[in-house]
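The values are calculated or read from the model by the stated rules, or taken from the named source; none is laboratory data. Quick caveat, the model's predicted, so the values are computed rather than measured. Note: ideal-geometry Cβ built from the backbone for every residue, glycine included; neighbour counts use all protein chains shown. For the accessible areas, the whole protein counts, side chains as well, though only heavy atoms, and no ligand, DNA or RNA atoms are used. Shrake-Rupley method; radii C 1.70, N 1.55, O 1.52, S 1.80 Å.
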Amino acid sequence: MTTILATRRLRVGAALPLGDAILVVGAGGPIPLPEGSDQTYPFRSHAEYYYLAGHECAGGIMAFDPRDAGTAEGGWKSFVPAVTEGERVWEGRSQLPGLQLADFEAWLSARRNRTVANLGAQVRDIVSDATLSAAVREAFRHARRIKDEAEVGLIRRAAVATAAGYEKLRTLIRPGATERSLQIELEAEFARGGATRPGYGTIIGGGPNAAVLHFEPSARIVRANEFVLVDAGAEIDRYMADVTRTFVAGTPSSFQRDLHQTVLRAEQRAIASCVAGAEWKEIHLAAAVDLVTGLVDMGVMRGDPETLVATEAHTLFFPHGLGHMVGLGVRDGSGLAPGRQKDPRPSLRTLRMDLPLAPGHVVTVEPGLYFIPPLLNDPARRARYRDCVNWTLVDQYQDLGGVRIEDNVLVTTGAPEVLTAGIPKSLTVG
Ligand code: GLY
Ligand code: MN
C-alpha cells in the first residue's frame with residue numbers, strides 16, 4: 001500500500017462519526033447489459049471504495065474498526081476476491097494485493113454485536129444502520145473535499161490530456177464538420193494524451209444545440225458562423241478535468257462576441273475570487289450579477305442587475321450554478337458545508353454547493369449564457385419577467401445557442417491556480 005493511501009485512510013478514519021460502530025465500504029460489482037449476454041457495463045468501483053482502496057476491484061471490501069485505530073493499519077483492512085482461473089484465461093487478470101475475501105466473514109463475525117455503517121456499494125446482505133451510514137457518508141464527503149497531492153497530480157495530468165484534445169479540436173471545427181466527428185477526434189486525442197476514458201459524456205452542440213446544457217453530440221453538421229459549445233474532459237485513473245469552451249465556426253457577429261466577452265469576464269472575475277475562506281454562493285451571486293450586467297448592456301435585459309438576480313430573472317439565461325467540485329467523479333464532494341441547510345433564497349436555487357472554499361479544493365467555474373427555447377417560451381416566465389427582458393430582441397435569437405466557459409481551479413493558501421489554464425479561450429478558430 002502506498003503512503004498516500006495509508007495517510008488517506010488514517011485521516012478518513014479519524015473523521016468519521018462511527019462511535020463504536022464498524023464500517024464496511026463495498027466496491028460493487030459489474031452490471032450486466034440488458035441483452036442476456038455475458039457483456040457488462042464498464043466496471044467502476046464505487047468512488048468511496050476507490051478513494052480508500054486505490055484500485056478497481058469488483059467485489060472488493062474495505063473494512064474499518066475504530067477500536068483497532070492504534071494498530072499498524074489504523075484499523076483498516078482491504079479484502080479482495082481471489083482471482084479465478086477463468087479471469088486469468090479470459091481477461092489476463094492477476095491477483096490484487098489485500099486480504100482474501102474469504103476472511104471477511106471471520107473479521108465480521110468477530111464483531112458480531114456491533115452496529116454497522118455501509119458506504120460505497122451494499123456489502124453482501126449485511127444489515128447496516130441507515131441513519132448512521134448517512135451521517136458517516138456526509139462526514140466522508142467532507143473529509144474527501146481537500147484533495148491530497150496524488151489527487152491533484154492526477155487532475156493535472158487529466159488537464160494536460162484535455163488540453164491536447166482541445167488543441168486538436170481547434171483545427172477541426174469548421175462548417176461541415178458534424179458534432180459527432182468532433183467528439184470522435186477530441187476523445188481520440190484525449191486517449192493519445194494518456195486518458196483512460198472521457199470523464200463524463202462529452203457535450204458538443206452546434207448552433208441551437210449549444211443551448212442544451214448536456215447535449216449529446218449528434219450527426220448535425222456545424223454551419224458557418226454559429227456557436228459550437230464543447231464541454232469535455234479526459235480522465236486518468238478515475239480523476240478528471242471538466243472543461244468547456246465555446247467557438248464560432250467562421251466569423252462571429254458582434255452579438256456573439258459580446259455574449260462571449262460577458263461570459264469570459266464573469267468567469268475571470270469568479271476565478272479570481274476562488275480564495276480560501278470565500279463563500280461559494282457569494283461568488284456565484286457575483287457572477288450572476290456580472291452576467292446580467294452584460295445582458296443589460298447588450299439590451300437583452302432591463303433593470304438593475306442586483307435586483308434582477310434577486311428575483312431569479314438571471315435563470316432565464318443562466319439556469320445553472322456557477323460550478324461544482326471535480327476530481328474523483330465529475331461532481332466530486334460538492335454539497336453543503338457541515339451543519340448547513342440549503343439556503344432558501346430563490347437566487348441560489350440552482351447551486352450545487354454551499355460552502356467556504358479551502359486550500360486543496362478543486363472547483364469548476366463555469367458561467368454561461370444561453371437562449372433556451374423551453375425557458376424563453378414558457379408563458380409563466382414571459383409574464384413574470386415581462387418588463388425585465390427585451391422579448392422582441394430575444395425572439396430574434398431563439399436559435400442562437402449559448403456560451404459557456406469552464407475551467408478547473410485549485411484553491412490554495414494564496415492566489416487560485418487554474419489547472420486548465422493551458423486551454424485557450426478565444427472564440428474564433430483557425
Ligand atoms: N460537464 C458537465 C457539467 O458539469 O454539468
Ligand atoms: Mn462542469
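Numerical summary
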item	result
Rounded Å value of the spacing that divides the Cα centres of segment 261-282 and segment 147-192	24 Å
Computed accessible area, Glu216, all protein chains, 1.4 angstrom probe, square angstrom	140 Å²
Convex hull volume per residue in cubic angstrom - Cα atoms of segment 279-375	105 Å³
Cut-off 14 Å, label 7 Å out along Cα→Cβ of Ile4, residues of segment 97-122 by amide N	none
Additional length obtainable on full extension of the chain from Ala272 to Ala139, 0.36 nm per residue less Cα span	45.0 nm
Too-long pairs where the Cα-Cα distance tops 31 Å, listed order kept, from Lys168/Lys342; Lys168/Lys281; Lys77/Lys147; Lys77/Lys342	Lys168/Lys342; Lys168/Lys281; Lys77/Lys342
Accessible-area ranking of Lys342, Lys281, Lys77, largest first, probe 1.4 Å	Lys342, Lys77, Lys281
Accessible area in the full protein assembly, largest first, 1.4 Å probe, for Thr131, Thr262	Thr131, Thr262
Cα convex hull of the chain, projected area averaged across orientations, nm²	23.0 nm²
Listed residues Asp378, Asp129, Asp148, most fluctuating in the chain (Gaussian network, C-alpha, under 10 Å)	Asp378
Sum of -39500 (n - 2.57) over DSSP H runs of 4+, divided by residues of the chain (222 nm, nearest 500)	-10500 deg cm²/dmol
Residues with amide H under 5 Å from that of Ala278, placed H, sequence gap 5 or more	Leu357
Förster radius 35 Å - calculated FRET efficiency between Ala219 and Gln396 (Cβ-Cβ, nearest 0.05)	0.80
Contour excess over end-to-end distance, with Cα ends at Glu149 and Gln122 and 0.36 nm allotted per residue	6.8 nm
Residues Ala337 and Thr311, FRET efficiency given R0 of 30 Å [Cβ-Cβ distance, rounded to 0.05]	0.70
Shape metrics for segment 159-207, restricted to C-alpha atoms - Rg then Dmax, Å	10.4, 31
FRET efficiency, Ala82 to Arg180 (Cβ-Cβ, R0 41 Å, nearest 0.05)	0.45
Stretch gain in nm, segment Asp378-Ser94, where the contour uses 0.36 nm per residue and the Cα spacing is subtracted	96.5 nm
For segment 142-286: rounded, prolate or oblate by the Cα gyration tensor [a/c cutoff 1.5]	oblate
